[in-house]
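Peer 1: Please find one structure pasted underneath; my questions will follow.
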Amino acid sequence: MPATLIITVYKDYLALERVLDSVLRQSQIPNQIILAHDTIDATIQEVIDKFTPQLNITYINQEDTGFNKNRILNKAILAANNDRIIFIDGDCILHPKFIEAHRKGIKEGVFTAGRRLDLDFQSSETIRKKGINTINLIILLWNKTKRIEEGFYLPFVPISNKKDPKLLGCNMGWHKNDLIALNGFDMDYSLPGYGEDTDIEFRAKRKGLISKNMRWRAIQYHLYHDRPDREKDISQSYALFQQKKERGYYYCENGISTLMHQFPHE
């Protein structure tokens, strides 16, 4: 079951190195890794060169004109050469069974939804300086890492299907045919904090797709970083989502089809 891993990146190259270190330790290494860079910065090439001998890396970027994550995600979908596509952020370190878990769960008509453990500042700094071998749940608990319960790998524990998991853009998997049918991510969302995952989740369910809960299977460790105040951005994106939700379309108007005549020769 070949798979493409899409990693969205924005300038945090040390974090990206730690993420790629965790990709190398996967029980099933993805056949293709796409680094989707929402800016143009040649500095990232040092990281790419370091991992290219061991990983099949495809690199795409775009001019930094603001928050255009959905656009770079759509470009990455077009560049993906496998049906199973897994999405993470460039500051989310993966448990060794992460890719394997998503690959098993993704099917046409089924998308996978995982959780994440939010690392504390001290643990994150240690990982950045000394590497991913320092990840230890006991130490994380001592350091008061948030959502520590999401760090337990429990593949044989049954998960209730009564409540669908909330989709997180940093930990999800899709079949490429389903993404094309939805027209990918809605590029009308141009502010951070809302819209990337909530919108496509609503549209997928409107179309009849089923979400598969990956809690305790597809585990990731999110490195701590400062968060700016996004309350205004979130409220504007939420209002946009409500407008689109009322219309009820599962096929977004400003999605992959908008790029197909431009990419990759923009």
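Peer 1: Please work out whether the chain counts as rounded, prolate or oblate from its C-alpha gyration tensor, where a ≥ b ≥ c are the square roots of the eigenvalues and a/c under 1.5 means rounded, while otherwise a/b larger than b/c means prolate and anything else oblate? Present the calculation step by step, with values, prior to reporting the outcome.
Peer 2: On the way: a/c = 1.38, a/b = 1.21, b/c = 1.14.
Since a/c stays below 1.5, the shape of the chain is classed as rounded.
Peer 1: Report the FRET efficiency, 1/(1 + (r/R0)^6), for Asn133 and Asn81, where r is their Cβ-Cβ distance and R0 is 41 Å, rounded to 0.05.
Peer 2: Numbers: r = 32 Å, r/R0 = 0.78.
E between Asn133 and Asn81, to the nearest 0.05, is 0.80.
Peer 1: Using only helices, what value at 222 nm comes out for the chain when you add -39,500 (n - 2.57) per DSSP H run of length 4 or more and divide by the total residues, to the nearest 500 deg cm²/dmol?
Peer 2: It comes out at -10000 deg cm²/dmol, rounded to the nearest 500.
Peer 1: Right, next: What is the magnitude of the charge dipole of the chain about its Cα centre, with +1 placed on the Cβ of each Lys and Arg, -1 on the Cβ of each Asp and Glu, and no other charges, expressed in debye to the nearest 20? Write down the numbers at each step before the final one.
Peer 2: Details: 37 positive and 34 negative charges, 248 e Å.
Roughly 1200 debye for the chain.
Peer 1: Can you sort Phe156, Phe202 by how many other beta carbons sit within 10 Å, fewest first?
Peer 2: So the residues, fewest neighbours to most, are Phe156, Phe202.
Peer 1: In what sequence do Val19, Val9, Val157 fall when counting other Cβ within 10 Å, fewest first? Could you put the intermediate results ahead of the total?
Peer 2: Working: Val19 27, Val9 23, Val157 10.
Ranked by crowding around the Cβ, least crowded first: Val157, Val9, Val19.
Peer 1: Most exposed first by the Cβ proxy, i.e. fewest other Cβ within 10 Å, how do Arg84, Arg128 rank? Numbers along the way, then the final one.
Peer 2: Details: Arg84 25, Arg128 18.
Ascending number of Cβ neighbours within 10 Å: Arg128, Arg84.
Peer 1: How large is the charge dipole for segment 42-148, taken about the Cα centre, if only the Cβ atoms of Lys, Arg (+1) and Asp, Glu (-1) carry charge, to the nearest 20 debye? Don't jump to the answer; show the numbers that get you there.
Peer 2: Numbers: 17 positive and 12 negative charges, 96 e Å.
Approximately 460 debye in magnitude.
The numbers here are math on the coordinates, done by the rules we state, and not lab data. Note that the structure is a prediction, hence the values are computed from the model and not measured. Cβ: placed from backbone, ideal geometry, glycine included. Neighbour counts: every protein chain shown.
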